[in-house]
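Okay, so here's the structure we're looking at.
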Amino acid sequence: PIRQVAFLTRDLDASIRFYCDIGVGPWFRGDRALFDRLEYRGAAAAPDLRYAVAPWHGLQLELIEPVGAGPSVVHEWAGRPFTGQLQHHVAVWPEHVDACIAAAQGAGFEVVQDGATGAGRFLYLLHPANPDFFLEITHATPERQAFSRHVFACGRGWDGSRPVRPYGVIE
């Protein structure tokens, strides 16, 4: 199942404020993405971006703001015309990531970006028949599952307090 919907934003702070104003939060924010490994279209990459995630009715929303040089799937789409936000990808979080990747490739998807953080592997794939739809496959490692449970637990009954919290920190 789709677990996350992500949007590019030109202004992460303004986007977080908008969603908080309509009751979506709290937001878990990171001001610099750290990758153990990242390949974009077959070459090593080290993009600079800010990001935040929040729970929303059983889905996780993600906001991503490119702030420096690319290349990456984020920077590739940041060149598209948009003012506030642009839908970027949907994500699935399988425990058996290799089987999910094989199924996606069997359906015609092609890997555009492949990377890993300390929490595990993630990939972005495109289908030639619909190049405006990124699919992210993120390995549901125990670390990622624990953080996801924390994000959703913080969202239950959220009263608007502490709208922005540090990404990756389970309090």
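Here are the numbers:
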item: Accessible area of the chain belonging to carbon and sulfur atoms, whole % at 1.4 Å probe; result: 56
item: MRE, 222 nm, helices only [DSSP H, n ≥ 4, -39500 (n - 2.57), over the chain, to nearest 500]; result: -7000 deg cm²/dmol
item: Contour excess over end-to-end distance, with Cα ends at A153 and T83 and 0.36 nm allotted per residue; result: 22.0 nm
item: In nm, spacing of pseudo-spin labels at L59 and Q145 (7 Å Cα→C-beta vector); result: 2.4
item: Difference of contour (0.36 nm per residue) and Cα-Cα distance, A107 to S161; result: 15.1 nm
item: From phi via Karplus (6.51, -1.76, 1.60), per-residue ³J(HN,Hα) for region 140-155 in Hz, x at Gly/Pro; result: 7, 6, x, 5, 5, 5, 5, 5, 4, 4, 5, 4, 5, 5, 5, x
item: Net length gained if the chain between V5 and L34 were fully extended (0.36 nm per residue, minus Cα distance); result: 8.4 nm
item: Amide H contacts of Q113 (H built 1.01 Å from N, under 5 Å, at least 5 apart or other chain); result: R41, Y124
item: Interchain or long-range residues, amide H under 5 Å from D11's placed H; result: none
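The values are calculated or read from the model by the stated rules, or taken from the named source; none is laboratory data. Everything quoted here is computed from the prediction, not taken from an experiment. Every residue, glycine as well, gets a Cβ built from its backbone with ideal geometry; the counts of neighbours run over all protein chains shown. Heavy atoms of the whole protein, side chains included, go into the accessibility calculation; ligands, DNA and RNA do not. Shrake-Rupley method; radii C 1.70, N 1.55, O 1.52, S 1.80 Å.
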